[in-house]
1. Let me confirm something: among B:40, B:49, B:56, B:93, which residue is in contact with a helix residue (DSSP H, G or I) (Cβ under 6 Å, 6 or more places away or on another chain) and either modelled with pLDDT of 90 or more or not assigned by TED's automatic domain parsing to the domain that holds residue B:389 (or both)?
2. Kindly provide the set of residues from the range A:136-168 that are in a helix (DSSP H, G or I), under 13 Å from residue A:185 (Cα atoms), in contact with a helix residue (DSSP H, G or I) (Cβ under 8 Å, 6 or more places away or on another chain) and more than 14 Å from every other protein chain (Cβ to nearest Cβ), ordered by number.
3. For the range B:89-111, enumerate the residues that are free of Cβ contacts under 8 Å to residues at least 60 places away in the same chain, part of a helix (DSSP H, G or I) and crowded, with 17+ Cβ neighbours inside 10 Å.
4. Confirm whether residue B:367 is surrounded by fewer than 21 Cβ atoms within 10 Å (Cβ to Cβ), at negative phi and either in the same structural domain as residue B:226 (by TED's automatic domain parsing) or not in a helix (DSSP H, G or I) (or both).
5. Residue B:35 - would you say it is at pLDDT 90 or above, more than 41 Å from the chain's Cα centre (by Cα) and part of a helix (DSSP H, G or I)?
6. Go through (1) more than 14 Å from chain B (Cβ to nearest Cβ); (2) touching a residue at least 60 places away in the same chain (Cβ under 8 Å) for residue A:205 and report which single condition fails.
7. For the range A:83-106, what are the residues that are within 11 Å of chain B (Cβ to nearest Cβ) and either closer than 25 Å to residue A:204 by Cβ or at pLDDT 90 or above (or both)?
């Protein structure tokens with residue numbers, strides 16, 4: 001359990017915060033994902049500067065920060081989704097359970113099965129509800145027969161709190177559901193391949209307040225089984241659902257502390273300005 | 001906001017909206033709107049008018065091609081002139097001539113008899129032969145049969161030949177008109193739908209010429225063209241859109257594909273002649289070669305349409321598939337291609353419809369040959385619909401004028417069907433987001 005440190009000459013307080021976070025992590029559970037000195041460029045433009053972070057298992061870690069601060073970019077590093085962008089170049093070290101995920105021996109397809117993702121806009125496949133959930137288990141060979149597959153679909157939909165609403169219409173198109181239901185369908189699709197980490201990129205930004213509340217409750221339930229990292233623009237949401245919060249600004253991780261601390265006594269002036277609404 | 005900063009509020013006339021100048025500006029804007037509306041409407045009207053003139057002239061020119069005049073003859077098949085074992089081999093031409101001459105015993109001079117014989121189609125004997133071969137009981141009997149009239153009598157019956165013109169200005173003689181009138185009196189002339197147009201291949205005689213060869217030729221052409229250009233085009237488009245790195249080399253390929261789509265079709269014909277016929281030694285006039293040449297033209301169309309369709313697939317679908325751990329290949333074949341398929345099919349059908357109407361490259365590889373049998377394979381010589389139109393248009397016989405227009409209508413009919421299919425596929429299989 002090494003504390004992240006030595007980023008910016010000016011962020012001494014942030015260093016203290018990360019040390020505190022690391023201490024808290026040791027108490028709450030094991031470290032699932034560690035990142036050290038992650039730098040990322042889109043072409044010539046640098047988008048991340050020396051990001052160090054430890055994400056603890058069975059916790060919800062929230063990334064907050066103004067638009068363009070790099071929080072989504074960093075999230076997408078954790079399951080190598082940035083690989084699909086040709087001009088993207090990444091340096092540094094990201095480890096899942098101690099294994100370097102950018103190592104040549106790591107198969108990116110296997111990695112993404114272990115690190116699932118839920119996107120900003122609900123993006124079910126233009127197929128039936130059943131097919132949406134069953135697709136992942138099928139391509140990974142998780143189900144040997146139809147009965148097992150049916151079981152996985154039911155378990156995943158129950159896990160995403162959607163089973164009662166769609167049990168009688170699994171053959172209907174996933175795109176026919178409401179926005180909130182579609183997003184829970186995407187969560188069910190992510191958990192169907194039994195991932196260890198679930199990355200959520202602003203999962204509620206396209207949802208109404210009621211659907212948001214349902215998804216937030218779901219996140220709280222999912223924490224028991226999975227490690228969750230959520231990017232959000234909504235600070236109340238970060239405060240409600242997360243145990244730890246990381247504040248990003250202009251590609252740098254400014255502060256990373258237990259959520260209760262960051263919202264009551266931020267260590268960094270910029271964090272305070274952001275959460276009190278002075279910019280962002 | 002910016003305007004109010006530049007113009008202090010004191011300078012703005014509080015009645016600016018009701019002043020005379022403002023009213024005038026408003027009127028000018030409305031007039032401009034009306035002008036634009038009229039201009040657009042006028043352009044549409046001109047386009048529709050030209051289309052109507054085109055279609056109207058073709059349809060009216062094709063009018064006489066849809067029916068064929070036949071003449072009823074009482075043909076006697078003498079039992080001693082025919083071998084029942086080999087019924088196809090007999091002098092049926094004499095039987096037809098005898099039947100015709102027997103109708104008018106008063107016409108005796110050889111010259112008048114020759115003129116009378118030329119009123120019946122040269123193919124009449126084959127109609128009789130086919131009937132006898134199909135029904136050998138007719139041997140030794142006299143039976144009534146309808147045989148096609150020669151083109152000049154066909155035209156006379158349809159009123160195309162003006163009988164008031166002096167005899168040297170028309171190709172029907174006075175004696176032939178006289179004979180024709182007597183045949184009509186005896187109720188021996190009728191006009192029926194011209195099935196020959198679809199059941200026969202090309203012929204020197206308009207009344208015997210049909211599009212069967214051209215239709216089969218065009219079918220084989222499109223089949224070869226589809227089999228080559230559809231898989232190649234989709235594979236190339238997938239590579240360029242999903243896998244290729246964005247660098248100078250792929251830019252170069254992209255520019256060249258776009259240029260290829262703009263190359264005049266006759267150039268592809270020259271290529272086919274030089275490469276497929278002379279280097280590879282493939283047979284001349286064969287639909288296989290024609291299809292290969294047309295696929296060169298269709299390929300860029302399909303690549304461009306497929307790339308456009310792939311581009312329109314929302315990135316969120318790719319991310320969703322990659323996010324659950326699908327590989328690149330699984331993402332493309334399971335999710336991107338099915339969503340893009342309606343667009344791909346639309347592009348393909350439009351490309352094939354273009355290929356169906358393409359004439360110039362086919363002329364260069366000899367698909368405008370005079371071929372009187374429908375092709376039985378992709379390697380046998382054949383014509384295609386557009387080249388058949390070209391051949392008929394070049395033929396001097398009067399009957400080919402209307403048949404040229406009829407063939408154009410058949411070609412346009414297939415084009416409309418193909419384009420309608422494209423529209424239907426697009427509507428039917430479009431994913432609703």
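The values are calculated or read from the model by the stated rules, or taken from the named source; none is laboratory data. This one's a predicted model, so the numbers in the text were calculated from it and none came from an experiment. So basically every Cβ, Gly included, is an ideal-geometry build from the backbone, and we count neighbours across all protein chains shown.
1. Answer to the check: B:93.
2. A:154, A:157, A:159, A:163, A:165, A:166, A:167
3. B:92, B:95, B:96, B:97, B:99, B:100, listed by residue number.
4. no
5. Working: at pLDDT 90 or above: yes; more than 41 Å from the chain's Cα centre (by Cα): no; part of a helix (DSSP H, G or I): yes.
Judged against the criteria, residue B:35 is not a match.
6. (1)
7. A:84, A:85, listed by residue number.
Rundown of residues vs (1) modelled with pLDDT of 90 or more; (2) crowded, with 23+ Cβ neighbours inside 10 Å; (3) closer than 16 Å to residue A:216 by Cβ, yes/no style:
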site	(1), (2), (3)
A:232	yes, yes, yes
A:240	yes, no, yes
A:243	yes, no, yes
A:247	yes, yes, no
A:250	yes, no, no
A:253	yes, yes, no
A:258	yes, no, no
A:276	no, no, no
